[in-house]
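Single-structure report; data block below.
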Amino acid sequence: MKPGQESKGAAIDLESISKAYGGFKALDGVSLRIEPGEFMTLLGPSGSGKTTTLNVVAGFTDLTSGKLLVGGRNVVGVPAHKRNIGVVFQHYALFPHMSVGRNVAYPLTLRGVDQAERKARVARALDMVKMGDFAHRYPSELSGGQQQRVALARAIVFDPPLLLMDEPLGALDKKLREWLQLEIKRIHRELGTTFVYVTHDQEEALVLSDRIAVFNRGRIEQVGTGRELYDEPTTLFVGRFIGDSTVLRGEARSDGVSTALRIAGETVTAPRRIAGEASPVMLLRPEKLAIRRPGQDAAGTSNRLPGTIAEAIYLGSGSKYEVRLADGSMAIVRTPLTGDSFGLGDKVELCFDGADAKLLADDSSADATLT
Amino acid sequence: MSALEPTTPSVAKRGWVSRPFALTLPALILLAAVIGYPLLTIMVRSLSEPQWGVQNYLWFFGAPVNLTVLQRTFVISAWVTVVCVVCAYPYAYLMTAVGPRVRLVLVLCVLIPFWVSGVVRTLSWVILLQDSGVINSLLRAAGFDGIRLIRTQTGVVIGMAQVLLPFMILPLYSVMKGIDLRLMRAAQSLGARPSRAFFTVYLPLSLPGVYAGAIIVFILALGFYITPALLGGPRSTMLSTLVQTQVLSLLQWGRGGAMGVVLLVTTFVLLALAAPVMRSRYREAGRR
């Protein structure tokens, strides 16, 4: 980033954009504002519309309806090569007949940058991705992670105000992925441009993003920081997609201020209710649940459900248990290392504070898209 | 590739030949019998008939008409190659762009004429190209003057290009279908308008197919006999016609053999000159 410049990023406004392929709505009225310099992740399962959104912004896909502004300028109908947007693809898309140096110089050559400056900017971009020593190699001589770093250098070398990344780490193994996530975060900080990142990996989204837009079936379910999505999901889909969760379903009764669920003969209550007609479910995060041996005193927890330990996983920092409840559903519990440990088949009681339960409208289609 | 390589020498070697080499033996024996032996015979006879010496070569290079025909053979073959590249390139590209059903139709359109005998195909060209033929009738009906196509080099080039087109289309298609079209999208995102993306990315990646097809077409064209004989006139005679005259009409096996050897050697020299240009600058393009 050159000194003396303000945020070089462009704002993006998606205004109720839709894309239909025949009868299938790939995007169904998506609206989203991305702030200049923001790292926004589009998160969702495959077929949820996140990649279509990226392709629309890049100019690879036409809109059926809606408005798209990049840096305040309406770009609907502007072809991809005139948008000045960097794109990094999952499949790297390096030109196999050009050396690394010529690949990175390609966008500069197209823009008529003179040779001396071209050389300097290519070197700077390659240094930024730590590939400075590889300018003379050919893509086929590089590993996947190295190729993706070159592709990143090529996408930023012409200083685009916006960088789009379509599951760039999807083809790499876990260790490399985690390291490159930190690299991408660093490059975002150094460049100050707007990043839009597509992934189906919620952990990756949490590591990288300023904000996350959760996509499902061509719509945005919720936009927020990782913490907001984890702590205050507004839909069952978001609650289940971000992090581990336990969903309690039962015969619901609401008295205006609290909601009670009757699950296999036991009743749990939460001091909340949901608006509308939909039947409510409770969503609980693993660290909000506790397990005790039956009959053991459980102070401070208002709700108890009997269950059996179905899986016990030692995590080092603690333990994770899967508990089968009386109605057959599974609960996920994370416990600190201190306290009791349990074995497979142990009869336990699942305890939680009603205030920790999120009440959400039931959505059976969430099961279909998540599994 | 490494999976195909023998893992240990003891597996690879059995007796005095390695196993992959042994597998090529049937082909090598066949080639030796039907290509090697006749070729050797021709070389020997070009130096031994009617007596030992280089008199046949001295005759060949001493007669200007032979040199004119040799040069014309290469010029016509070069034109045929150019016409084939120009016609085959968009066609092969279309084959990569359409769905499997349309692709099958396109492949059949290439192959069906290929399965028809060369004589029949060339005679159909006579019907199309002759002065009172289909093309000239249409031209006159449209109010233009007729053009002379039969018994001209143009006619020969048209006929030969049509016969040889499959040899250009098929290698081109096999290279093109390996080109990752997503690279074009990448080029556009980097600022290349579609034509620029084509010339800087797609065309260079497709060149190995162009070279492969061009070599096959050019070499096959050099030895063409039936098409130039039927479509051409005295001013479009190719070397094979002269060879035929020497061998079958005049029974001059030595002179015919010398002509064949000259053609072969000249071809090798040209290929050797072209090789550095055609050598691909990158290893194993980004195919999948």
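Structure notes:
- A:Val214 vs. criteria of a type in the set (A, V, I, L, M, F, W, C), out of contact with any Lys or Arg (no Cβ under 7 Å at 6 or more places or on another chain) and over 17 Å from A:Leu27 (Cβ atoms): no
- Within segment A:108-122, the presence of at least one residue that is part of a helix (DSSP H, G or I), out of contact with any Asp or Glu (no Cβ under 7 Å at 6 or more places or on another chain), more than 9 Å from chain B (Cβ to nearest Cβ) and acidic (Asp, Glu) is confirmed.
- Unique residue being under 22 Å from A:Tyr197 (Cα atoms), touching a strand residue (DSSP E or B) at 6+ places or on another chain (Cβ under 9 Å) and within 14 Å of chain B (Cβ to nearest Cβ) when the list is A:Phe89, A:Phe39: A:Phe89
Quick grid of which residues meet (1) within 14 Å of chain A (Cβ to nearest Cβ); (2) out of contact with any Cys (no Cβ under 6 Å at 6 or more places or on another chain); (3) aliphatic (A, V, I, L, M):
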| position | (1), (2), (3) |
| --- | --- |
| B:Asp145 | no, yes, no |
| B:Thr152 | no, yes, no |
| B:Leu172 | no, yes, yes |
| B:Val175 | yes, yes, yes |
| B:Arg182 | yes, yes, no |
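- Enumerated helices (runs of 4 or more DSSP H) restricted to segment B:12-109, each holding at least 2 residues that are crowded, with 16+ Cβ neighbours inside 10 Å and of a type outside the set (S, T, N, Q): B:37-48, B:55-62, B:64-97
- Of the residues contained in segment A:239-249, none is found to be assigned to a strand (DSSP E or B), touching a helix residue (DSSP H, G or I) at 6+ places or on another chain (Cβ under 7 Å) and either at positive phi or modelled with pLDDT of 95 or more (or both).
- Residue in segment A:95-107 that is surrounded by the most Cβ atoms within 10 Å (Cβ to Cβ), counting only those that are within 7 Å of chain B (Cβ to nearest Cβ) and not hydroxyl-bearing (Ser, Thr, Tyr): A:Pro107
- Just one of the listed residues (B:Ala187, B:Ala192, B:Ala197) is part of a loop (DSSP other than H, G, I, E, B), at negative phi and within 13 Å of chain A (Cβ to nearest Cβ), and it is B:Ala192.
- Single unsatisfied condition, A:Val214 versus (1) at pLDDT 95 or above; (2) within 14 Å of another protein chain (Cβ to nearest Cβ); (3) touching a Gly at 6+ places or on another chain (Cβ under 8 Å): (2)
- Just one of the listed residues (A:Lys25, A:Lys8) is surrounded by 14 or more Cβ atoms within 10 Å (Cβ to Cβ) and under 24 Å from A:Pro107 (Cα atoms), namely A:Lys8.
- For A:Ala80, the conditions (1) out of contact with any Gly (no Cβ under 7 Å at 6 or more places or on another chain); (2) under 21 Å from A:Val30 (Cβ atoms); (3) within 8 Å of chain B (Cβ to nearest Cβ) all hold with the exception of (1).
- Against the numbered list (1) surrounded by 22 or more Cβ atoms within 10 Å (Cβ to Cβ); (2) more than 14 Å from chain A (Cβ to nearest Cβ); (3) part of a helix (DSSP H, G or I), B:Phe224 comes up short only at (3).
- Put simply, of A:Leu261, A:Leu229, A:Leu248 the only residue that is aliphatic (A, V, I, L, M) and in contact (Cβ under 8 Å) with a residue 40 or more places away in the chain is A:Leu248.
- Of all residues in segment B:145-170, those that are touching a residue at least 12 places away in the same chain (Cβ under 8 Å) have Cβ atoms under 6 Å from Cβ atoms of residues that are surrounded by fewer than 24 Cβ atoms within 10 Å (Cβ to Cβ) and of a type in the set (S, T, N, Q), 6 or more apart or on another chain, in B:Gly146/B:Asn136; B:Ile150/B:Gln130; B:Gln153/B:Ser236; B:Val156/B:Ser236; B:Gly159/B:Thr122.
- Index of the failed condition, A:Gly256 passing every other in (1) surrounded by 18 or more Cβ atoms within 10 Å (Cβ to Cβ); (2) outside the structural domain of A:Ala213 (by TED's automatic domain parsing): (1)
- Residues within segment A:345-361 that are in contact (Cβ under 8 Å) with a residue 40 or more places away in the chain and surrounded by fewer than 15 Cβ atoms within 10 Å (Cβ to Cβ), tallied: 2
- Some residue of segment A:334-344 being in contact (Cβ under 8 Å) with a residue 40 or more places away in the chain and part of a strand (DSSP E or B): yes
The values are calculated or read from the model by the stated rules, or taken from the named source; none is laboratory data. The structure displayed is predicted, hence computed values, not measured ones. Because the Cβ atoms are built from the backbone with ideal geometry, glycine has one as well, and the counts that use them run over all protein chains shown.
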